């Protein structure tokens with residue numbers, strides 16, 4: 001209507017509805033009312049009918065309408081304001097990319113921004129349109145992902161660890177008389193926790209857990225901050241940025257899904273030459289957490305299925321460093337911007353890793369160590385000193401492992417096989433591996449692929465799929481996995497560097513076709529052009545989207561700032577009151593639980609981050625049957641079961657073998673033999 005927007009949200013079966021009322025008469029403020037009531041289909045139709053009738057200009061005139069539909073959407077990205085009133089950003093098109101435990105993961109395909117105040121109260125500003133264009137430079141249809149029922153900001157291990165906590169740890173928070181017990185947060189549910197030991201009236205009790213997202217990997221957290229404590233948590237849907245891909249593999253006829261999820265950090269986020277090193281809070285540039293999940297696709301449920309997950313991280317060297325881009329050149333000189341003899345910023349960064357991953361943390365540094373003129377070597381020497389300084393205060397059993405290997409130098413050598421050396425490193429990795437080169441793009445992606453390939457062999461072996469934890473190149477399994485990592489690397493490289501990968505796995509295997517060299521040159525030129533001419537605009541868009549910069553009448557415009565340094569180094573503007581110790585550089589409580597990550601410890605601090613809700617076992621937010629099969633709609637098998645993913649079955653002809661990892665050329669030999677025999 002002219003005075004209100006009404007957002008009607010429904011569950012998948014459209015049997016339960018919620019309604020938000022947004023005031024359109026406020027020119028600059030955001031006024032939202034959520035009655036927290038759950039309507040059935042008949043009730044919501046009656047409500048909309050009354051609104052339509054009550055807002056007609058002439059009540060007796062049947063042709064006029066007082067209520068008009070604006071848009072149909074799949075979720076709310078958030079609310080944003082520049083210099084005029086608020087906009088609401090809605091997802092209008094989506095595409096299913098993966099399925100984990102029956103929980104669907106969607107990619108945003110299209111969005112729309114709707115201005116909330118009506119024209120009669122709108123106070124125009126001459127710079128509003130420019131801010132709107134900058135904001136829309138962040139292409140939400142490019143690799144942003146969401147799920148209604150699965151927490152994408154956390155790893156599978158974290159999500160399932162919550163489910164495995166004993167009931168006694170939650171019983172103090174749960175009440176037998178209340179439907180819900182609220183704690184600090186309001187979050188999405190992702191699965192169930194069953195307690196078989198405390199039946200009520202002869203029935204098993206089922207509890208749902210709502211978990212606070214890990215905001216480091218959430219990209220619309222600031223856009224939802226204004227309404228987070230006002231609306232019901234069902235309205236809050238957190239999106240991640242990065243990559244998501246899924247492939248299907250047949251092993252002895254058993255379907256196996258390999259899922260790759262990359263979460264790009266929203267802290268100190270930006271483009272290649274404009275964001276280097278770390279900020280004063282320990283957040284590093286181009287930090288991406290990559291998780292590979294392997295599960296038996298014949299069983300959908302988390303509670304009954306078999307799942308394996310492995311996580312590794314890439315990120316810029318955690319030091320104060322940058323590159324001079326005043327005179328653009330392919331390799332601007334590297335400089336250390338600030339002396340940090342006590343490795344303060346590196347300590348902040350590795351403290352974050354200890355909290356999230358536990359110990360040991362393993363660093364694989366691929367930066368060059370031998371150069372005629374010091375360039376990358378500056379970073380190698382400084383990082384080594386930082387790790388040595390931090391390790392002297394840690395217990396020996398939890399020290400940071402540091403592996404430095406000049407990958408670029410060995411690539412040029414004819415005596416060294418780069419991938420064999422990476423395989424040896426991967427076999428000795430027992431914890432979370434943090435890989436970096438200078439850009440964390442080409443060399444890093446190849447190293448992560450080789451580590452992931454080694455981990456995949458152990459994952460399949462642990463799931464009982466293969467008889468030994470070894471996978472050879474030129475097999476269906478590894479080819480699918482390599483395709484996933486190539487897509488993963490290209491996507492992350494485009495987001496940070498402005499072009500696809502220049503050097504790929506085939507480059508380091510030295511089997512790349514002769515045409516690849518010309519493609520590499522084009523990718524290098526594309527990356528150089530992007531860095532020189534478009535990165536500044538992309539950085540402004542990221543700063544505005546993440547609300548690192550918030551427009552105001554009383555401060556310079558975004559395009560007038562000579563630098564965004566103080567936007568990303570906020571603590572440099574204040575005098576520190578409680579500077580962290582240089583020796584006890586980790587957060588309180590972290591060390592006492594190692595090697596277990598503090599975030600997964602069932603202690604009182606972490607229990608306060610969840611909400612325990614009494615649910616029926618067949619509740620829609622728990623039972624994924626309704627979401628996946630949609631019995632209330634006319635559906636087809638093709639639409640339901642055919643997610644767009646690469647599949648090893650496409651390479652299988654009529655050759656029958658018990659060896660799923662057979663070399664691909666065996667198929668060709670078989671066809672030739674058949675033709676000759678006939």
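When peptides 383-394, 448-459, 556-567 are sorted by average Cβ neighbour count within 10 Å, with the highest value leading, the order is 448-459, 383-394, 556-567.
Sorted by packing (mean other beta-carbon atoms within 10 Å per residue), highest first, where do 469-480, 46-57, 215-226 land? It would help to have the intermediate numbers written out before the result.
Working: 469-480: 16.8, 46-57: 13.4, 215-226: 19.6.
Per-residue Cβ counts within 10 Å, averaged per peptide and sorted highest first, yield 215-226, 469-480, 46-57.
Based on Cα contacts under 8 Å between residues 6+ apart, the range 4-140 shows a relative contact order of 19 percent. Against the empirical 2.2 N^0.38 Å (N residues), the range 4-140 has a Cα radius of gyration ratio of 1.22.
In this calculation the C-beta distance from residue 635 to residue 6 is compared with R0 = 30 Å, giving a FRET efficiency of 0.55. Using 0.36 nm per residue and subtracting the Cα-Cα separation, the extra length available between residue 410 and residue 129 on full extension is 96.0 nm. At 0.36 nm per residue, minus the direct Cα-Cα distance, what do residue 509 and residue 26 gain on full extension? Give it in nm, one decimal, please. Taking 0.36 nm per residue and subtracting the Cα distance, the gain is 167.7 nm.
For residue 15 and residue 95, what is the calculated FRET efficiency with R₀ set at 22 Å and r taken between the beta-carbons, to the nearest 0.05? Working shown, then result.
On the way: r = 25 Å, r/R0 = 1.15.
Calculated transfer efficiency: 0.30.
Counting 0.36 nm for each residue step from residue 71 to residue 567 and taking away their Cα separation leaves a gain of 175.0 nm. Put in order of Cβ neighbour count within 10 Å, fewest first, the listed residues 424, 407, 113 become 424, 113, 407.
Given a cut-off of under 8 Å on Cα pairs at least six residues apart, what relative contact order in percent is computed for the range 405-523? Each step should come with its number before you reach the end.
Values: 94 pairs, mean separation 27.7, N = 119.
Reported relative contact order: 23 percent.
A short reminder: the numbers here are calculations on the coordinates, not readings from a lab. Note that the coordinates shown come from a computational prediction; the quantities given were computed from them, not determined experimentally. Every residue, glycine among them, receives a Cβ derived from its backbone with ideal geometry; neighbour counts consider all protein chains shown.
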